[in-house]
Structures are given as C-alpha cells and as structure tokens.
Amino acid sequence: MDKTNKKTLEEIIRVDHAGERGAIKIYEGQLLALKTFKQDEELKRKIEEMKEHEFEHFDYFEKEIQKRNIKPTKLLPLWDLLGVSLGFGTAMLGKKAAMLCTASVEEVIDEHYKNQTYKLKEDEKDLKKKIIKFREDELHHKDIAYDQGATKKGLYGLLDKVIKTSSRIAIVVSEKI
C-alpha cells in the first residue's frame, strides 16, 4: 500500500488547521465592522453562513491535530491578528472589497487543496475525501462572493494580488513553522 510521507501529512494538517482558523478570523473581522460601523444585514447573513462552514472545517482539522499529535503552527496568534485586520479592513472598504477578500482567499485555497489531494496516498483516503469536500465548500464561497459583487476591476485588482500573495506566503510559512 502506498503511504503518505509523515512530514507531508503533518504539513498538510498543520497548514489546513491554520488556514481554516484564519478564514474564521477574517469573517470575524468583517462581522465586527458590519456590526459596529457598516449596516448591511444581507452581507452580514452571508458572511455568518460562510463562517459556519469554516467552523466545520476547522473543527475537523483541530481533531486531526489532536488525534495525530501534530503541533499547530507557532504563528497562530499572528495569523489571528492579521486575519481579523484583513477582514475588518476589507469590510470597512465596502461590500465589493469584503467579497473580493473571500473570492481571493478561496481562489488560493482551491489551488492549495487541489494540490494536497495529489500528495495524499492510499493510506489517507478519509483525509483526502474531507479535503475534496472542503474544497467544494470553498468554491461555493467564491461563487457567493462574486454573486455578491466581488470584482477585480480598478484598484480591486491590486487588493486581489495583495490578498493572494499574503495567503500564499501564510501557507508556505504555516507548513514549516
């Protein structure tokens, strides 16, 4: 039977745990802005729904971290702060920016989860199935974001690049540290 490399498996679970927690923090930042400064009940409801999916994903990886005795990334407190800040900032810029934040992150995660499925071997069928399911949820979030007005036109294109580059850096760092 083909076995997944232990180091690769630890990196996958560590980074996915951090990423799902990061998504929750981004949504928490957006909700903070929406509850205190911006009044958009429809957007708030959409974000709360997507946040619930992220909790399901995070809970799964939290259990995997514990079950497999894998150390989470040491940078969780920094990612928490940056996630809340990114969410708050994009929501303060308005609905298009808030939804672009979701779309940009989900486009990176789509690619990231797809690449992970190629790394997982026969001994990790259950984990692979979960990642495929979570990827589908993330793609659904991306679709919601575009339906709600996400755009890459004008300066939003720059915001898209900043969010994607930051997300890719966080992925690489969280796999290793």
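Quick note: the coordinates plus some simple rules give every number you see, no bench work behind them. The structure presented is a predicted model; accordingly, all values stated were derived computationally and were not measured. Virtual Cβ from ideal backbone geometry, glycine too; neighbours counted across all protein chains shown.
Taking each residue of segment 94-121 that is touching a residue at least 12 places away in the same chain (Cβ under 8 Å) and farther than 30 Å from Thr4 by Cβ and looking for partners that are of a type in the set (S, T, N, Q) and assigned to a helix (DSSP H, G or I) with beta-carbon atoms closer than 6 Å, six or more apart or interchain, yields Ala97/Thr90; Ala98/Gln30; Ala98/Thr90; Cys101/Thr90. Looking at Arg45, Arg21, just one residue is assigned to a helix (DSSP H, G or I), of a type in the set (D, E, K, R) and in contact with a helix residue (DSSP H, G or I) (Cβ under 7 Å, 6 or more places away or on another chain), and that residue is Arg21. Residue count for segment 146-170, restricted to those that are of a type in the set (A, V, I, L, M, F, W, C) and touching a residue at least 60 places away in the same chain (Cβ under 8 Å): 3. Picking from residues in segment 127-162 that are assigned to a helix (DSSP H, G or I) and small (Gly, Ala, Ser), the one that is farthest from Glu20 (Cα to Cα) is Gly157.
In segment 1-55, the qualifying residues are those that are more than 23 Å from Lys114 (Cβ to Cβ) and β-branched (Val, Ile, Thr), and the one that is surrounded by the fewest Cβ atoms within 10 Å (Cβ to Cβ) is Thr36.
Could you say which residue among Glu20, Glu56, Glu64, Glu52 is of a type in the set (D, E, K, R), under 13 Å from the mean Cα position of the chain (by Cα) and closer than 17 Å to Ser174 by Cα? Result of the check over Glu20, Glu56, Glu64, Glu52: Glu20.
Does segment 24-40 hold any residues that are part of a loop (DSSP other than H, G, I, E, B) and without any contact (Cβ under 8 Å) to a residue 24 or more places away in the chain, and which are they? Within segment 24-40, Gln39 is the sole residue that qualifies.
Within segment 23-49, the set of residues being charged (D, E, K, R) and more than 12 Å from the chain's Cα centre (by Cα) comprises Glu28, Lys35, Lys38, Asp40, Glu41, Glu42, Lys44, Arg45, Lys46, Glu48, Glu49.
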